[in-house]
């Protein structure tokens, strides 16, 4: 395991407003553009398949390819991110995004689109996005003062939700003009992110002195650390189940709008309304995090989703659907902020990549299967029946969270305080560590 020889200088530097931290702003802005590009292309994939080929199965296959890296790449990426220079890793990821998305846009400009090419490009760009996301998440605590960590992560979540808010209508609007424009936009977004990254002066990690060991050995250190955290372990598994359901629900929305005679622009409007809910949830994360325990927030969000999900089957009105998805994304953003701050505060810097990769694998690793299953379920059953099945499964997930001893044993104090707790490095080595 790599070891840190010195703490980030921000731990001891005078506290200045986060808005004046230029390196954080460059990292935040560049990563925001990268996320926006990814949202734009993610919106375009199912539109391209459904409107051009008329096949929800093809849409499910492309979605499967885009999300498959979460299952296959996530764990080794966590180890390599902890080994490699984070800045260089992110630079390579942006270059990969430029090449893959540029190739799709140029192919569509030439009037030729093939399912294998789209699946391959989606897989490669998705894999690079995992390395980028893990590197950026781990780098944040090295460019901000400890007192600003909660605010920085809240802003990161709000940035992601805002990218979804803008990306949904932008992607569908660009698609309506020309089907290759969303992918060309994504390539340009990666180029902008690359420039911002090159302008950052601060190191994005603490200095490493220990030589790397076997990949499997380092991977198991991150896995074992998370395994000993009872609440985090249970929470990420339960969130993983809900993420599968949201993959099915997102594809069902496309069919609901198409079957009701709507256009891709309607999906963009719904996405924009949903994004507003996500931004509000992210920006309110600090408020809720200072007043409620993380377990209370997680189970409260699960309860809200249990009510909202099946209601999607009851209407095709864009305004009603927008309100439902806004409520769901509000809860998801809120939960991501509070749980994300909790995990980053708790995890030692030298384990950030590995722990984040394991957590993301457990919470999102089956998303590719959810997209694939959604395509086949919607091809075999009606949209209404599929959505009601999603709602019933969410109810089972809620009951499981309420009955889970690990969820009930979670800390009862609010997670967000003015000065975050020091990461407990002993937890990475103590086999008896079970508390959070």
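No value in this document is a laboratory result; all are computed from the given coordinates. What you see is a predicted model; the values in this text were computed from it and never measured. Every residue, glycine among them, receives a Cβ derived from its backbone with ideal geometry; neighbour counts consider all protein chains shown.
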Exercise for review: Would you mind calculating the gained length between residue 227 and residue 320 on full extension (0.36 nm times residue separation, minus the Cα-Cα distance), in nm to one decimal?
Suggested key: 29.4 nm
**Study point:** GNM top mover of 268, 300, 222 - the chain, alpha-carbon springs below 10 Å
**Key:** 300
Exercise for review: Rank by packing, highest mean first: peptides 282-295, 74-87, with packing defined as the count of other Cβ atoms within 10 Å averaged across residues.
Suggested key: 74-87, 282-295
Review point. By how many nm would the segment from residue 106 to residue 88 grow when fully extended, if each residue of separation counts as 0.36 nm and the alpha-carbon distance is taken off?
Key: 3.8 nm
Check your understanding: FRET efficiency for residue 291 and residue 395, Cβ-Cβ distance as r, R0 = 25 Å, nearest 0.05?
Key -> 0.40
Exercise for review: Give the order of 351, 134 when sorted by the count of other beta carbons within 10 angstrom, beginning with the fewest.
Suggested key: 351, 134
Exercise for review: Take the alpha carbon gyration tensor of the range 281-410, find the square roots of its eigenvalues, order them as a ≥ b ≥ c, and report rounded if a/c is under 1.5; if not, report prolate when a/b exceeds b/c, else oblate.
Suggested key: prolate
Point to revise | Contact order relative to length of the chain, as percent, for alpha carbon pairs under 8 angstrom and 6 or more apart | key: 29 percent
**Study point:** Computed helical MRE - 222 nm, the chain, DSSP H runs ≥ 4 contributing -39500 (n - 2.57), nearest 500
**Key:** -25000 deg cm²/dmol
Review point. For the pair residue 220 and residue 147, how long in nm is the line joining their label points, each one 7 Å along Cα→Cβ?
Key: 4.3 nm
**Study point:** Overall Cα dimensions of the range 27-145 - principal axes, largest extent first, Å
**Key:** 50, 26, 20
Practice item. Given the options 194, 25, 47, state which has the largest fluctuation in a GNM of the chain using a 10 Å cut-off (strictly under) for Cα springs. Key: 25
Point to revise | Residue-span extension gain [residue 265 to residue 198] - 0.36 nm each, minus C-alpha spacing | key: 20.6 nm
Check your understanding: Build a GNM of the chain with springs between Cα atoms under 10 Å: which of 372, 398, 198 gets the top mean-square fluctuation?
Key -> 198
Review point. Shape of the range 141-296 from its Cα gyration tensor (a ≥ b ≥ c, root eigenvalues): rounded if a/c is under 1.5, otherwise prolate when a/b > b/c, or oblate?
Key: prolate
